[in-house]
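This report concerns only the one structure given below.
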Amino acid sequence: MADIFLKEDVRKHFKGKKVIFLGDSIMRNIYQDFLYLLEKGDLTPHSLLRKKGVQIESFEGDHLLEGTGELTPGRNYREIREYEGSGGAMRDFMFATYCFLTKCYSRELEDFILRFKRKHGSPDLIIILSALWDINRWGPDGIPNYIKNCRKFLNLIRSTFPSTTQLIWLTSPPISVDVWGGLVVKGMEFQKRSMRFNVMEGNLMVAQTTAAFGYDVVDLHYWMTHQIHKRMPDGIHWTQDAVRLQLNIILTHFCLARKLALPGRWGGARNRPLESAEKIAKAADGGPVEIVREEDEGKRKKSMDDEGSEEPLAKKRKLGEGRSEERRVGEGEGYSRLREEE
């Protein structure tokens, strides 16, 4: 699942790097915890994790971009933050930016990505987590548009940045049966009962699509299912130690994907979840694999042609072949495990 990272580990691996964080308030907490670990080495206080926008114009050396962060309710809320270091030995240490999203693709997000490239070049790492707003705040077309926007975003990244840019899509952590806050619209409370199921279906869709494009998926939903006792009362956000666990999971994946040495601070004789993560990283080198029925292959091709999809084709194996490789989705060890069957 995760190794344990300290301040010196993060500084060693991210010195001179350029990182983009894209997503909702769950991603904002991860971004904040990343900066707090980088600067202070401690857990981010709950009092800071609850703040956003103009409530905290500067956080551990970052700054809120002018014209963003005004506390307006609804889908038009904008927040963009940038970090280059707090000063002294940390001045110009690295560049990180956070952009709040209410959907995973929009003209505003495309402008943000293109502006980043013109000003800073290609990022080393892009981390995105976008599901709750996409699915629940864009009306009856929210779910079908989420499917389309996922592909649009991945096509944008693929056409804008080189293959050296690593993209990690995080599945949305599990939410409670009863949620409250800015995500819930008055008069639409009935959605709360089905929201968590829609999130699970959305996670499955983005995991499969992202893997088909050759990018990385980290299944926070699976790992945080075992930590729901650390979820905040609003049913969406997480305690400070749970946020640090999420960050450690991401950093572990980052190191395994780049074949960087892990800190090795896990206690005990054997870390089975970490072994699983290492197997996932090894299997991912083989690229995406799709299992198709022989009679369905032609239908799928025609459907993709009709839609004009630019989604790259995965390696295909037909059911019934003597030897096949199968992509397993879900089932405890995330979305990138391959199984070889005789």
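Brief remarks follow.
- Lone qualifier among 88, 121, 67 - being modelled with pLDDT under 95, more than 21 Å from the chain's Cα centre (by Cα) and closer than 26 Å to residue 161 by Cβ: 67
- Hits in region 91-103 (condition: within 22 Å of the chain's Cα centre (by Cα) and either within 30 Å of residue 138 (Cα to Cα) or open to solvent by 80 Å² or more (accessible area, probe 1.4 Å) (or both)): 96, 97, 98, 99, 100, 101, 102, 103
- Scanning region 214-242 for residues that are among the hydrophobic types (A, V, I, L, M, F, W, C) and open to solvent by less than 20 Å² (accessible area, probe 1.4 Å) returns 217, 218, 220, 224, 236, 238, 242.
- On inspection, residue 159 passes the criterion of being small (Gly, Ala, Ser) and open to solvent by 70 Å² or more (accessible area, probe 1.4 Å).
- If only residues of region 245-273 that are touching an Asp or Glu at 6+ places or on another chain (Cβ under 6 Å) and open to solvent by less than 30 Å² (accessible area, probe 1.4 Å) are counted, the one that is modelled with the lowest pLDDT is 252.
- Residue count, region 35-85 (criterion: over 16 Å from residue 100 (Cβ atoms), free of Cβ contacts under 8 Å to residues at least 40 places away in the same chain, open to solvent by less than 80 Å² (accessible area, probe 1.4 Å) and in a loop (DSSP other than H, G, I, E, B)): 5
- Residue match in region 178-189 (condition: of a type in the set (Lys, Arg), at pLDDT below 90 and open to solvent by 60 Å² or more (accessible area, probe 1.4 Å)): yes
The values are calculated or read from the model by the stated rules, or taken from the named source; none is laboratory data. Since we're looking at a predicted model, the values are computed, not measured. Ideal geometry is used to build each Cβ from the backbone, glycine not excepted, and the neighbour counts take in all protein chains shown. We work out accessible area using only protein heavy atoms, side chains counted, and drop any ligands, DNA or RNA first. Shrake-Rupley method; radii C 1.70, N 1.55, O 1.52, S 1.80 Å.
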